[in-house]
Structure formats: structure tokens, C-alpha cells
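Reviewing the structure listed below.
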Amino acid sequence: MKDILRKQKILVVDDEKDLSALVSLHMKMAGFEVLTANNGEKALDLSREEKPDLIILDLMLPKIDGWQVCEQLRQNAATKDIPVIMLTARTQIEDKLKGFEAGADDYVTKPFSPRELVARVKRVLARAEAEPSLPKRLIKGKTEINLDDFKVRVSGKEVGLTEKESAILKALVARKGELLTHEQILDSVWGEDIVEYGNIDVHIRHLREKMEADPDNPEIIKTIKGEGYRLEI
């Protein structure tokens, strides 16, 4: 159990001085102790030496980028369990997926609300404390998505997904809680192949049949009429 008198320690990694100062200020106002690093190498050194409770990691860094930093953190026994929130101006689904695959726990895009970032930090810390030894998961009802391997389990039993279903699910996870348009799904899953929206709907229907308690009244993959879908889990 953590010492309740000890302030939780946040490492802010960003080479933009003004942004680093802004994030640090709001973290301190929220009651956290703050460390800062302006490049990937220093971030890795501080992570090993100081053992922060959470790292806010900018993606575009000199020398070693945020993806590489996150991967190296996960490969080191001393730092592999430190939660990481990636902070970046990139909005492409592929970039978010790459971040999750590197081991990020959450992903915040610029511009952002400092209050939202503080809320995300608190939520990730609470999740890490509640389940320190468990893999990262999204759970709703009896459905569970493991973010380490994107495998789906319902009532504890693994559900087999096709390649396209898995790719669509990854795209939905990358934009969890946000609208994922038909165009974004096509771009992420099919690339330059010509595919009609109806094909997406068929795959979504199959995903719902495998994941939802009631596929006709979905609670996890919501339809945004005329626009696309949103993952609510």
C-alpha cells in the first residue's frame, strides 16, 4: 500500500518549455510532486532513478521519440509498470494505435484542457493502484478487451475475431469515447482499397454479435447515425 502521506510523483517529458511549465503547474496545483525532462534519454534516466508514479510523455522528442521511450520503459523491470500518458499533436488513428502498442495507458491530443489532463492522470493512477498486476483492460458488463493483445473475452471466454474485425476494434479503441467516422475506418483498415460503407456495417454487426449482450441494442459499439461509430467501454 502506498504511503498516504507521500505525494504522488509525476514525470513530465516535453521539449517545449512553455508547455512543460503549464503542465507542471497544473500537476502541482492538483497536489502532485513534479519532475521534468526535456528529452527521451533524460526521461529514461529519471524514470529508473526516481520511480515516478506516472509519466506524461510527449511524442515528438529530440534524440529518442516518445514511442521509443515508452517501449524501453516497458522492457525494463524497474519501469515496466509505470503508467504512461502520451501527449501529442498527432491525431491519426495509426499514431494512437502505435502508442498503445508501445505500452501507453492513455493518449491526449493537443490542444487540450489542463483540467482534462489532470482528470486523466487521476483516472489512470486510480486504475493502476486498483489493478497493479493486471494487464490493461477495458471492461463493460461481461465483455473485456485486453489492450496488451486486443483479445476479447465474454464471461471469461475468449472470442475469436477475424483480421478485419480485430483491425476495426483497434481503430475504435484508439478513438474510445469519440466518433470514428466511416472514412476513418476505411482509411485505417482498408487503406487505398475501394470498399463500400455497407461492408463496414457488416463487420460491425459481427463484432456486436460477439461482444454485445444484446446486439440489436448495443451498449459498447454505438452507432452515430449517418456518421460512424463510437466505442463506449
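Is it true that ILE194 is assigned to a helix (DSSP H, G or I) and not assigned by TED's automatic domain parsing to the domain that holds LEU97? Against the criterion (assigned to a helix (DSSP H, G or I) and not assigned by TED's automatic domain parsing to the domain that holds LEU97), ILE194 does not qualify. When each of LYS17, LYS28 is tested for being farther than 23 Å from ARG123 by Cα and either of a type in the set (D, E, K, R) or under 21 Å from the mean Cα position of the chain (by Cα) (or both), the lone residue that passes is LYS17. Filtering segment 102-113 to residues that are charged (D, E, K, R) and either in contact with a helix residue (DSSP H, G or I) (Cβ under 7 Å, 6 or more places away or on another chain) or surrounded by 16 or more Cβ atoms within 10 Å (Cβ to Cβ) (or both) leaves ASP105, ASP106.
Of the candidates GLU196, GLU212, GLU178, GLU192, the single residue that is modelled with pLDDT under 90 and in contact with a strand residue (DSSP E or B) (Cβ under 9 Å, 6 or more places away or on another chain) is GLU178. Of the conditions (1) outside any helix (DSSP H, G or I); (2) farther than 27 Å from ALA104 by Cα, GLU158 fails just one. Which one is it? That leaves (2) as the condition not met. Annotation note: of LEU169, LEU117, LEU207, the sole residue that is under 30 Å from SER24 (Cα atoms), out of contact with any His (no Cβ under 6 Å at 6 or more places or on another chain), part of a helix (DSSP H, G or I) and of a type in the set (A, V, I, L, M) is LEU117. Filtering ASP193, ASP187, ASP201, ASP216 for residues that are in contact (Cβ under 8 Å) with a residue 60 or more places away in the chain and surrounded by fewer than 18 Cβ atoms within 10 Å (Cβ to Cβ) leaves a single hit, ASP187.
Here GLU165, GLU158, GLU227 are screened, and the one residue that is closer than 30 Å to GLN75 by Cα and touching a residue at least 12 places away in the same chain (Cβ under 8 Å) is GLU165. Of the residues making up segment 23-70, those that are touching a residue at least 24 places away in the same chain (Cβ under 8 Å), among the small types (Gly, Ala, Ser) and part of a helix (DSSP H, G or I) number 4.
The values are calculated or read from the model by the stated rules, or taken from the named source; none is laboratory data. On a predicted model such as this, the values are computed, not experimentally measured, just so you know. Neighbour counts are summed over all protein chains in view; Cβ atoms, including those assigned to glycine, are modelled from backbone coordinates with ideal geometry.
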